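What follows is one structure encoded as structure tokens, with my remarks underneath.
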Amino acid sequence: MINLWIVSATAGLFGLTIGSFLNVCTLRWPQDESVVFPGSHCPKCGAGIRWYDNVPVLSFILLRGRCRACRGRISLQYPLVEFATGLVWAGMFSYAGFSWEAFRGAIFLTILFGIALTDARFYIIPHQFSLGGLVIGLTMAILPGGLELLQALLGALLGFGLLQAIAVGGKWMFKKDAMGGGDIKMMAMVGSFLGMPGVLLTIFLGALLGSVIFGPISYKTKKLVPFGIFLAAGAAVTYGWGASFIGWYTTSVLQLPRGL
Ligand SMILES: [Zn+2]
């Protein structure tokens, strides 16, 4: 038990630094900027941020949310993203122990979080998350545990194909783009982590959440639906509870034999 505490706490600290990097990625990738150069700097005065002022969450608290040089306010998004990512990593390792699945889940959920952030802010899903994540998903399928490589490949193909079909069909029906290219590539990535049943459940949950939550807002304001956010939420729920839901659905509702 003490071991699990140490593993989870270490994973949580690691997750905090991943979250710090995720902040940089979600702000720079959509604008085609390098995440390495230039180093972290204050968006208001441009002063470089020293390593000791760049400690996740802690620096924000010690500096009381202000830049050391110009005293300008630092967005609360930075510590919140760091903290949430830390929680995800600590949670995955306390749930799955020190295992490949813990890594796989933590990486997948981190990518989904990044996608939700960039889609909310810029209406963009950077290909570093979608295609980069697809490569990670397929690579992890070669390793023991999780999905078989074939399942991951078929999942990626189904995710890509279904959203491509929805995009083409939507354009034909409504004469405007219903689905962005980012969503299509994103679902290929999701498929490589969740397989074919997971893709179906993710799209179902994403469409449901999107229309229930954003539908009324979009109808009133004519704002574009950042569908990636809802697909990301759907994929996260599917990762966590999809297996038991799909098992219940196929055996109890469709009356298919167990293990299909
Ligand atoms: Zn400053």
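The values are calculated or read from the model by the stated rules, or taken from the named source; none is laboratory data. From a predicted model like this one, the values you see are computed outputs, not experimental measurements. Neighbour counts are summed over all protein chains in view; Cβ atoms, including those assigned to glycine, are modelled from backbone coordinates with ideal geometry.
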With (1) out of contact with any helix residue (DSSP H, G or I) (no Cβ under 7 Å at 6 or more places or on another chain); (2) within 16 Å of the ligand (Cβ to nearest atom) as the list, and Arg28 as the residue in question, which single condition is left unmet?
-> (2)
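Quick check on the range 44-57: of everything there that is assigned to a loop (DSSP other than H, G, I, E, B) and over 25 Å from the mean Cα position of the chain (by Cα), which residue is farthest from the ligand (Cβ to nearest atom)?
Of the range 44-57, the ones assigned to a loop (DSSP other than H, G, I, E, B) are 44-47, 49-50, 54-57.
Keeping just the survivors that are over 25 Å from the mean Cα position of the chain (by Cα) gives 44-47, 49-50.
On the way: Lys44: 5, Cys45: 3, Gly46: 7, Ala47: 5, Ile49: 9, Arg50: 12 Å.
Checking each candidate, the answer is Arg50.
Where in the range 162-251 are there helices (runs of 4 or more DSSP H), lying wholly inside it, with at least 3 residues that are touching a Phe, Trp or Tyr at 6+ places or on another chain (Cβ under 7 Å) and closer than 18 Å to Gly133 by Cβ?
Values: elements: 181-209, 215-221, 227-248.
Hits in the range 162-251: 181-209.
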Scope the range 87-98; condition closer than 20 Å to Gly133 by Cβ and small (Gly, Ala, Ser); matching residues = Gly91, Ala96
Close pairs (7 angstrom Cβ cut-off, 6 or more residues apart or separate chains): more than 12 Å from the ligand (Cβ to nearest atom) in the range 58-76, modelled with pLDDT under 95 and among the acidic types (Asp, Glu) anywhere = Ser59/Asp53
